[in-house]
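A.B. asks: Pasting a structure below so you can have a look.
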Amino acid sequence: MNYSLKSISKAGIPEAISKAELYRYINEPEEAESICHDILSIDPGNQLALRMLGLSITDQFTGAPNDRYAEVQSIFERLSDRYERWYYLGLLHERRAKVQLRAGRPPHTLHVLFEEAMRCFEEAEKIRPQGNDDSILRWNRCVRLLHAHPGMEAAEEIIDIGDSKPY
């Protein structure tokens, strides 16, 4: 028997997005990822599906070398809104650093990842929509993590740099 993927209808995209969100909420990121691929196969530029796909993959990070960091970066770089691109790239770097910290990687080796996350959040902050402080909230979480973990003292310099390079 030949098994092949079936296409969903364009009319079914909103419901599929809802299901993908539900699967992320109940900690089934592989299911959410599969749904996002189904959506993107018929609507390759769907921004909600791109965001959710990237987040679903980051939900699967374990801190191992085979985590799909480059794939997620490529997905988030496809976001058309500059603010969202910076913000979600920041989330990628932050989640990568946090999962590696949980996996036991020495804290002093992770400050570069936190620095990159904070740089992205800082760029997002500059162009954020009025009333949207998400990038500031994420920046502050990174700062708190840097302060909370012994061995990340080298990262203290990051907090005062204020120098951002274009991404």
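The values are calculated or read from the model by the stated rules, or taken from the named source; none is laboratory data. Given the structure is predicted, the values throughout are model-derived calculations rather than measurements. Glycine gets a Cβ as well: all are built from the backbone with ideal geometry, and neighbour counts include every protein chain shown.
A.B. asks: Considering only residues that are closer than 24 Å to residue 149 by Cβ and of a type in the set (Ser, Thr, Tyr), which ones fall in segment 58-87?
C.D. replies: Listed by number, the residues that qualify are 58, 62, 69, 87.
A.B. asks: Do we find that residue 96 is surrounded by 14 or more Cβ atoms within 10 Å (Cβ to Cβ) and of a type outside the set (Ser, Thr, Tyr) in this structure?
C.D. replies: Against the criterion (surrounded by 14 or more Cβ atoms within 10 Å (Cβ to Cβ) and of a type outside the set (Ser, Thr, Tyr)), residue 96 qualifies.
A.B. asks: Go through segment 67-105 residue by residue and tally those that are of a type in the set (Val, Ile, Thr) and more than 18 Å from residue 36 (Cβ to Cβ).
C.D. replies: 1
A.B. asks: Can you tell me which of (1) over 25 Å from residue 33 (Cβ atoms); (2) touching a residue at least 12 places away in the same chain (Cβ under 8 Å) is the one residue 137 doesn't meet?
C.D. replies: Condition (2) is where residue 137 drops out.
A.B. asks: Further, regarding this structure: Can you name the residue in segment 123-166 that is among the small types (Gly, Ala, Ser) and loosely packed, with under 12 Cβ neighbours inside 10 Å and is also modelled with the lowest pLDDT among such residues?
C.D. replies: Filtering first and then ranking leaves 162.
A.B. asks: Which of (1) on the phi > 0 side of the Ramachandran plot; (2) in the same structural domain as residue 122 (by TED's automatic domain parsing) does residue 27 not meet, given it meets every other one?
C.D. replies: With (1) on the phi > 0 side of the Ramachandran plot; (2) in the same structural domain as residue 122 (by TED's automatic domain parsing) applied to residue 27, the lone miss is (2).
A.B. asks: Next question. For residues that are more than 21 Å from residue 84 (Cα to Cα) and among the charged types (D, E, K, R), scanning just segment 11-53, find the one that is surrounded by the most Cβ atoms within 10 Å (Cβ to Cβ).
C.D. replies: Only one residue fits best here, namely 38.
A.B. asks: Let me ask something else. Give 57, 39, 8 a once-over and let me know the one that is touching a residue at least 24 places away in the same chain (Cβ under 8 Å), touching a helix residue (DSSP H, G or I) at 6+ places or on another chain (Cβ under 7 Å) and closer than 30 Å to residue 139 by Cα.
C.D. replies: Answer to the check: 57.
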